[in-house]
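The values are calculated or read from the model by the stated rules, or taken from the named source; none is laboratory data. Quick caveat, the model's predicted, so the values are computed rather than measured. Virtual Cβ from ideal backbone geometry, glycine too; neighbours counted across all protein chains shown. These area figures cover heavy atoms from the full protein model, side chains too; ligands, DNA and RNA do not enter into them. Shrake-Rupley method; radii C 1.70, N 1.55, O 1.52, S 1.80 Å.
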Amino acid sequence: MNTVSSSDHKSAVLVTGGAGYIGSHAVLALIDAGWRVAVIDNLATGFRFAVPENVPLYEGDIEDGALLARIFKECGIGAIMHFAGSVVVPESVENPLKYYHNNTAKSRALIDAAVKAGVPHFIFSSTAATYGVPEISPVQEDSRQVPINPYGWSKLMTEQMLTDVAAAHPMNFCALRYFNVAGADPQGRSGQSTAGATHLIKVAVEAALGKRDKVAVFGTDYDTPDGTGVRDYIHVTDLAAAHVLALEALIQQPGRSLKMNCGYGRGFSVLEVLDAVDRVTNRKLERDMQPRRAGDPGSLISDPSRIQATLPWQPRHDALDEIIAHALQWERNLDTIIRD
């Protein structure tokens, strides 16, 4: 079995959903590290401008086996980073079949195509939502995984598929369980661009720039210090860096697969985040207190000790105010970027 390396110009990394938020940052991280990259994205929520001009963009769907086979051959794909999917928790509760199709069935098609083509390494964009409401916080990777929404289940099913496939075929994988991803590329090359996004920091900076009248706070009666939900926020650029390091780890030990949390190990409540946005923008956001949303746990904080012990990963942008400042910088320029 051939493995890939950044210095091997015969191989490249296929990034699914590479025109989206996190996927586009992974593309940048791979390029910055010297990798060759190709992107597949159906552009349902992604943007052409998010893919650098020198990166091949295949507009299509990851369940199109013929297209995948062509990409693998044309680009010499030796690894996959899989970001394509649907990510809105409340929507998954309202429309579960969409999530089991987009996140589970399509992932199965992608994994099947990878096995048939002999692609040896697979990195999967998983989520802390697979833990549901953790019994112990911060949550560790061997904690019970009992999701409380279809989004979490759809991702957990894909983790299980990868576990079983890695046992049966010459492929290893890394499932990276994200906590709350926020921020934007510090150089202003990419950011969260999706209209109607539900991520708190994205919503808050939109409100700070007058794109929204107020910020809804869903749930004020959780068992947390101020009653609002607590989350572990990770800068998207630090997260992208973890993917590149995870790929290198898979290559170095092709018989080993990994499942790791991606977070900083500390949490901020919704109100603490909004206070930080007020601080960074020097204005007061209007808060609209609402009932809890279905499928939201009260607190979700990572234990990042495994990723810190496994990879040479050193977060560089872990200050909340910096995360917000980068998101704000991107949001200020977004209308011009989309128009151009």
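If the chain between Ala197 and Glu59 were fully stretched, how many nm would it gain, using 0.36 nm times the residue separation less the Cα-Cα distance?
Between Ala197 and Glu59, full extension yields an extra 47.5 nm.
Based on the alpha-carbon gyration tensor of the range 180-240 and its eigenvalue square roots a ≥ b ≥ c, which shape applies: rounded if a/c is under 1.5, prolate if not and a/b is larger than b/c, or oblate?
oblate
With angles folded into 0 to 90 degrees, how steeply does helix 320-339 sit against the dominant principal axis of the chain? Use alpha carbons for both and round to 10.
The helix 320-339 is inclined about 70 degrees to the chain.
For a bin width of 5 Å, list the pair-distance distribution of the range 84-158 built from all Cα-Cα distances, rounded to whole %.
3, 17, 24, 20, 16, 13, 6, 2, 0
Provide the net charge surrounding Tyr58, with neighbours chosen by a C-beta distance below 14 Å and charges set as Lys +1, Arg +1, Asp -1, Glu -1.
Its environment carries a net charge of -3.
Which whole-Hz ³J(HN,Hα) couplings does the range 51-59 yield from phi under the Karplus relation 6.51 cos²θ - 1.76 cosθ + 1.60, θ = phi - 60°, glycine and proline marked x?
9, x, 4, 8, 9, x, 10, 9, 7
Tell me which residues come under 5 Å, amide H to amide H, from Val230 once H is placed; ignore anything under 5 positions away on its chain.
When sequence neighbours closer than 5 places are left aside, the close amide H contacts are Ser299, Leu300.
Treating the angle as unsigned and between 0 and 90°, give the value, to the nearest 10°, between the Cα long axis of helix 236-252 and the longest Cα principal axis of the chain.
Compared with the principal axis, the helix lies near 30 degrees.
Residue-wise, which Karplus ³J(HN,Hα) couplings in Hz belong to the range 204-210, taking 6.51 cos²θ - 1.76 cosθ + 1.60, θ = phi - 60°, and x for glycine or proline?
Couplings: 5, 6, 4, 5, 5, 9, x Hz.
Given the options Gly227, Gly78, Gly263, state which has the largest fluctuation in a GNM of the chain using a 10 Å cut-off (strictly under) for Cα springs.
Looking only at Gly227, Gly78, Gly263, the biggest GNM fluctuation is shown by Gly227.
Straight-line reach from Lys116: which lysines have a Cα under 24 Å away, not including same-chain ones fewer than 8 places off?
List returned: Lys10, Lys73, Lys106, Lys155, Lys259.
Report, to the nearest whole %, how much of the accessible area of the chain belongs to carbon and sulfur atoms, 1.4 Å probe, protein only.
After summing per-atom areas, the C and S share lands at 49 percent.
Report the local net charge at Thr224: Lys and Arg +1, Asp and Glu -1, summed over other residues whose C-beta lies under 14 Å from its C-beta.
Local charge sum for Thr224: -3.
Show that you can apply the helix-only estimate: for the chain, add -39,500 (n - 2.57) for every DSSP H stretch of four or more residues, divide by all residues, and state [θ] at 222 nm to the nearest 500.
Helix contribution divided over all residues of the chain: -11500 deg cm²/dmol.
Run through all the Cα pairs of the range 49-188 and give the fraction in each 10 Å bin from 0, expressed as whole percent.
In whole percents, the pair-distance histogram is 11, 37, 35, 16, 1.
By per-residue mean of other Cβ atoms within 10 Å, what is the highest-first order of 191-197, 326-332?
The packing order, highest mean first, is 326-332, 191-197.
Classify the chain as rounded, prolate or oblate, taking a ≥ b ≥ c as the square roots of the eigenvalues of its Cα gyration tensor: rounded when a/c is under 1.5, otherwise prolate if a/b is larger than b/c and oblate if not.
prolate
Let me have the relative contact order for the chain, percent, based on Cα pairs under 8 Å that are six or more residues apart.
Relative contact order for the chain comes out at 19 percent.
Note the full-extension length gain between Asp164 and Ala319 as 0.36 nm times their separation in residues minus their Cα-Cα distance, in nm to one decimal.
Difference between extended and current length: 52.0 nm.
Going by a ≥ b ≥ c, the root eigenvalues of the Cα gyration tensor, does the range 7-47 fall in the rounded group (a/c under 1.5), the prolate group (a/b larger than b/c) or the oblate group?
Judged from the Cα gyration tensor, the range 7-47 comes out oblate (a/c at least 1.5, b/c at or above a/b).
Quick one: helix 270-281 against the long Cα principal axis of the chain, what's the angle to the nearest 10°, folded into 0 to 90?
Between the helix axis and the principal axis of the chain, the angle is about 90 degrees.
So what is the accessible area of the chain per residue, in Å², with the probe set to 1.4 Å?
Value for the chain: 43 Å² per residue.
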